[in-house]
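Participant: Pasting a structure here, questions to come.
What follows draws every value from the coordinates through simple rules; no lab data is involved. Since the model is a prediction, treat every value here as computed from it, not as a measurement. So basically every Cβ, Gly included, is an ideal-geometry build from the backbone, and we count neighbours across all protein chains shown.
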């Protein structure tokens with residue numbers, strides 16, 4: 001079953017929903033009667049803007065892709081490489097022989113907060129320059145803006 005999410009604010013230690021008419025315990029609780037539940041509370045962060053995503057896919061991925069593979073690069077492969085290298089997590093996998101090994105797996109950037117996306121891009125730009133010798137234009141440069149505007153969503 002999919003979870004139920006509500007946006008709101010905490011005031012005086014009490015959750016105040018943004019839309020009290022939508023947040024009605026009659027919708028959330030009856031289907032959970034007698035069942036154990038998990039409540040996750042986290043600070044709201046605005047997701048990365050369309051402009052930031054356009055810069056990432058239209059400029060960052062493109063410049064690195066063309067540097068590594070030429071004009072026929074595959075954006076999906078370059079994006080996967082960047083996630084594997086810069087937005088990942090470590091998981092432990094137990095093999096059939098009983099040995100546990102750690103594996104690095106990429107994590108989706110869909111819906112990540114703006115500040116996290118900006119940091120992700122900064123790490124990629126630094127890595128690209130230092131490791132690949134490939135300069136990725138600053139997001140505020142005219143070239144980056146032009147490349148981002150050409151990105152087809």
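Participant: Classify the range 109-153 from the C-alpha gyration tensor, please: rounded if a/c falls under 1.5, else prolate or oblate depending on whether a/b exceeds b/c.
Facilitator: Taking the square roots of the gyration eigenvalues as a ≥ b ≥ c, the range 109-153 is oblate.
Participant: Starting from the Kirkwood radius over alpha-carbon pairs of the range 32-153, derive D by Stokes-Einstein at 10 °C in a medium of 1.306 mPa s and give it in µm² s⁻¹.
Facilitator: Estimated diffusion coefficient is 96 µm²/s.
Participant: Still on this model: At a 10 angstrom cut-off on C-beta neighbours, averaged per residue, how do the peptides 105-117, 85-97, 57-69 rank from highest to lowest?
Facilitator: Most protected by this proxy first, the peptides run 57-69, 105-117, 85-97.
Participant: Starting from the Cα-Cα distance between residue 49 and residue 11, subtract it from 0.36 nm times their residue separation and give me the gain in nm to one decimal.
Facilitator: Result: 10.9 nm gained on full extension.
Participant: Ok, one more. Hey, how many Å between the Cα centroid of the range 49-85 and the Cα centroid of the range 107-151?
Facilitator: One Cα centre to the other: 9 Å.
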